[in-house]
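Novice: Provided herewith is a single structure, encoded as C-alpha cells, for subsequent inquiry.
Bear in mind these aren't lab numbers, they're just calculated from the coordinates by the rules spelled out. Predicted model, so just to flag it, every value in this text is computed and none were measured. Cβ placement follows ideal geometry from the backbone for every residue including glycine, while neighbour counts extend to all protein chains displayed.
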Amino acid sequence: MCPRLPLGLQRSRLPQRATVAAPRPGFADLMAAFEAAPNDRARSALLLDVARRVSPLDAADRTDANRVLGCTAQVWLASSVEPGTGALRLRAGADSALHAGLANVVLSALDGLAPEAVLAFDASALAALGARWGSLTASRTNGLAALLGAARAAASRALGHPAFPSLLVSARGVAARGAYAEAQAAYLDPAPEAVQALADALAASRVGVVAHFYMDPEVQGVLAAAARAWPHIAISDSLVMADRAVAMARAGCRAVAVLGVDFMAENVRAMLDEAGHQDVRVLRMDAGAIGCSLAEAAEGAAYSAFLARAAAHPSPALHVVYINTSLRTKARAQAAVPTLTCTSSNVVASVLGAFAAVPGVHVWYGPDAYMGRNVRALLAVLAAGPDEAVRAVHAQHSARSVADALPRFHSFQDGMCVVHHMFGAGVCQRVAADYGDAYLAAHFEVPGEMFELALAASRRGAGVVGSTSNILDFIVAKVREEAAAAEPRPKLQFVLGTETGMVTAIVRAVRAELERLPGLGELQVEIVFPVSPDAITTPEQERGAGSASLTLPGGVSLIPGPAGGEGCSSSGGCASCPYMKMNTLSALLDVCSALRDPAREAQLARHEPVPYTEKVAGRSVASLGCETILHMRDFQKEGRLSERLVADVLARKRRA
C-alpha cells in the first residue's frame, strides 16, 4: 500500500500577473500523443522517446540539494531564474530512462513559465497520462508527484517566502501564525468525547499503545489526553517504544498497538518475546505494509555489499546499525559482522566506545547516510580539540585518539529518510538569514547543512543535535533556565529541524513548565516550523464544482498541506512523514473492536507484524536480530561495549 503523498499541488495565493502563462503548447501535444497511443507498450515507448529528446543533466547538477525524493530511481531537478524575464528554467535527469521520461514530461509543461504559473499548475492536466496506462506503477506515479512538487518548490524559492509558520505558546494558550501552524494547533485540545471514546475502547480491550513522536497531531492530541484515563499509552522515540510495551504487558495488557512503521512493530514483538510475553499480541494500524525509506535502504544489495566489505576487511570490524531498521536487517548484519544497534542519541558514544574497547577496530555505520556524515563531521570537530571537550563526550578519548580513529570510521552512503532529507541547503539559508537569534534543534538524520547550523549553535549553548527525545529535553531545559534567570526574556524562539509531529509533545511539555513555574509570567515560547509556507490548503483547492482534480494517474490522491496533516516541500523542511500518517485513530478503534469479536480474527491477523520464518546463520531472525539490541542495552547500562561483543569482534577476525 502506498502512503498518502505529502507533496500537494495546491494553487498559489499570489496574484496572477501578465507574465504568467499556461503550460506550453508542446505539453498539450504530448498529452494528446499519450492519449492516442493504442496500448501501454506504445505509451512506454513514447515515454522513452521523450527521455531521449532532452540533453543529459550536467554532473554538477546531480547533487543532494537537487535530488527528488519519492522516486524509486535517482532523479534530480535543477532550477534557475532567467535574467530579465524572471522565467523559471528547469533541468532534469535520472538514472532510469522511464524516470527521465517522466521528468521531461514535467519539464515540457513547466520549463520557461513564470513561477506563479508553476504554482498555479492544474494537476488534472496530467490525467491523460495515466487514464488508460495500466503499467504506470504506483511507485512511478509517486515519483511523478514528487517531480511536480519539486518544480513547485523551485517556483516558491524563486518568488521568495514569508517567515516560516510557527506556534506561540504562553500561559494564556497557544496562538498559530500561518495556515500550516493553524493545522497543527487544531488538535492540541481534542474533543472530550473523542478522548473518552478512545480511553473506553482501550480499557475494554485491554490494549496498550506505543506511538512514535511523528504521529499526526490529531492522533497525538487524543492519545495524550486519553492517557489520563487509560495510563497504558506512551508517545516516545523508537528506543523507548519496546520498553514501554514490555511494561504494559507486565501490567496486564493483552495486546499492544504500535503506531509507527513496520520495523517498530517488529522490534516490539521481538522484545516482548525476549521478555517472556509471547501471549501478548502486537498489532499494526494498517493491514498493508507501512514502510520506511531508510529501513528499506538497508534491505537492498548495496547494504549487503557494504557489510561484505566490513567482513572482508583485514582489521577487526564492528557494525553499528541504526535502530530504525528491520529485525531482518539486524539479523543479517549480525551474521555477517558483529553488530551493535544504536539510536540517534547514543550513536556518537557507541562509535567512540567501540574505538576505545577494541584497538585498531574499524567501525562501519549504516544505513542513514546523513547521520553517518554528521558523525564523521562531529568526530572531526572533536579531533581538533581541546581534550576537555573530547572527554566531556567520552572519558577515554583525547583529541589525538579521535584523530587516529577517524580514518577507521566508514559509513553507508545510499540510505536516507525522506522526511529529514528536505532540511537541505535552501532551508538552511533561510534559517540563517531570518532566525539567527533563535535556538536551533536538529535531528541527527538531517543533511549536513542543517546539522552544521545546529552544531554551531550548540557550541554556544543555543542549539542541539540529537534524537527526538534530546530535542524535547533541550527545549524544556531552556524554558527552565529562563525561569531561573534574573531578568527573563519576553520570548524564546526555537527552530524545529525535524518532523513536525514533535510539536504536540513539545507544546504539552512547555505548557506544563509554564503552569509549574509561575515566575515565568508573560514568557512566550515560539516553535518555528521550517516548512514551506505555501504547503497549505487554499480555498481554491476545496473539492467542489469547478475545482481542479487532486488525483494523479493511477488514482493516487495528492494530500495538500494540513488537509491531511502534511506540508512537505523542498523549499521548506518536510513537515510530516507520509508513512507515519498511515496510523489513524479510526484504525486504532477498529483494532480494539476486532479484539472483542472472535469472528474478526482473520482480519486482525493481517495487522500483526510479519513473522520471520527463515533462519539466518542457523538461528531465527528474531533471536539473532534481537541480539544486536541487547548489545545496545548492555552498552547503555555499563557505558562500554560488553565483554561478549568485544570477544565476538576479536574471535571473528581471528577466524578470518
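Novice: Could you give each residue of segment 28-43 its phi-based ³J(HN,Hα) in whole Hz, using Karplus coefficients 6.51, -1.76, 1.60 with θ = phi - 60°, and x for Gly or Pro?
Specialist: Values per residue, Gly and Pro as x: 4, 4, 5, 4, 5, 5, 4, 5, 7, 4, x, 7, 4, 4, 5, 5 Hz.
Novice: Next up: Rounded, prolate or oblate: which fits segment 33-110 when a ≥ b ≥ c are the square roots of the eigenvalues of the alpha-carbon gyration tensor, with rounded for a/c under 1.5 and prolate only if a/b beats b/c? It would help to have the intermediate numbers written out before the result.
Specialist: Details: a/c = 2.52, a/b = 1.50, b/c = 1.68.
In terms of gyration-tensor shape, oblate.
Novice: Also: Would you calculate the separation in nanometres between label points at ARG53 and ARG41, each defined as 7 Å from the Cα along the Cα-to-beta-carbon direction?
Specialist: About 2.3 nm, to one decimal.
Novice: While we're looking at this one, here's another question. Calculate one ³J(HN,Hα) per residue across segment 89-100 by plugging θ = phi - 60° into the Karplus curve 6.51 cos²θ - 1.76 cosθ + 1.60, and present them in order as whole Hz with x for glycine and proline.
Specialist: Values per residue, Gly and Pro as x: 9, 10, 9, 9, x, 7, 8, 10, 5, 5, 5, 4 Hz.
Novice: Please give every one of the lysines within straight-line cross-link reach of LYS637, meaning a C-alpha to C-alpha distance under 23 Å, and leave out same-chain neighbours fewer than 8 residues apart.
Specialist: Within reach: LYS330.
Novice: Could you run the Karplus curve 6.51 cos²θ - 1.76 cosθ + 1.60 with θ = phi - 60° over segment 391-406 and give me ³J(HN,Hα) per residue in whole Hz, x for Gly and Pro?
Specialist: Each residue's phi maps through the Karplus curve to give 5, 5, 8, 8, 5, 8, 10, 10, 4, 5, 5, 5, 4, 5, 7, 3 Hz.
Novice: Excluding residues fewer than 8 places away in the same chain, name every one of the aspartates and glutamates whose C-alpha is closer than 17 Å to that of LYS491.
Specialist: Of all the aspartates and glutamates, those that pass the test against LYS491 - Cα under 17 Å, at least 8 places apart if same chain - are ASP434, ASP437, GLU481, GLU482, GLU513, GLU515, GLU522, GLU526.
Novice: Mind giving me the nanometre distance, one decimal, between the label points for GLN429 and ASP95, set 7 Å out from Cα along Cα→Cβ?
Specialist: The modelled label-to-label distance comes out at 2.6 nm.
Novice: So, R0 is 25 Å and r is the distance between the beta-carbons of ALA512 and ASP597; what FRET efficiency does that work out to, to 0.05?
Specialist: Details: r = 38 Å, r/R0 = 1.54.
Between ALA512 and ASP597 the formula returns 0.05.
Novice: Please give the residues of segment 357-383, grouped as numeric ranges, whose backbone N is less than 19 Å from a label point set 7 Å along the Cα-to-Cβ vector of GLU452.
Specialist: Taking a point 7 Å out along Cα→Cβ of GLU452, the residues of segment 357-383 whose backbone N falls under 19 Å are 369-383.
Novice: Quick one: which of 91-97, 598-604 comes out on top by average Cβ neighbours within 10 Å, and what's the full order, highest first?
Specialist: Ranking the peptides 91-97, 598-604 by packing returns 91-97, 598-604.
Novice: Suppose the chain between ALA203 and ASP437 were pulled fully straight at 0.36 nm per residue; how much longer would it get relative to their current alpha carbon spacing?
Specialist: Contour length minus the Cα-Cα distance gives 79.6 nm.
Novice: So how far apart, in nm, are the two label points at ARG619 and GLN636 if each is 7 Å from Cα heading toward Cβ?
Specialist: The modelled label-to-label distance comes out at 2.0 nm.
Novice: Can you put LYS330, LYS653, LYS637 in order, fewest other beta carbons within 10 Å first?
Specialist: Ordered by Cβ neighbours within 10 Å, fewest first: LYS637, LYS653, LYS330.
Novice: Want the number for ALA308 to SER586: 0.36 nm per residue separation, take away the alpha-carbon distance, what's left?
Specialist: On the way: separation 278, 0.36 × 278 = 100.08 nm, distance 4.39 nm.
Gain on extension, ALA308 to SER586, equals 95.7 nm.
Novice: Could you list ARG408, ARG53 in order of exposure, starting from the residue whose Cβ has the fewest other Cβ atoms within 10 Å?
Specialist: The most exposed by this proxy come first: ARG53, ARG408.
Novice: For ARG655 and LEU406, what is the calculated FRET efficiency with R₀ set at 25 Å and r taken between the beta-carbons, to the nearest 0.05? Spell out each step's value before the answer.
Specialist: On the way: r = 28 Å, r/R0 = 1.11.
For ARG655 and LEU406, the calculated efficiency is 0.35.
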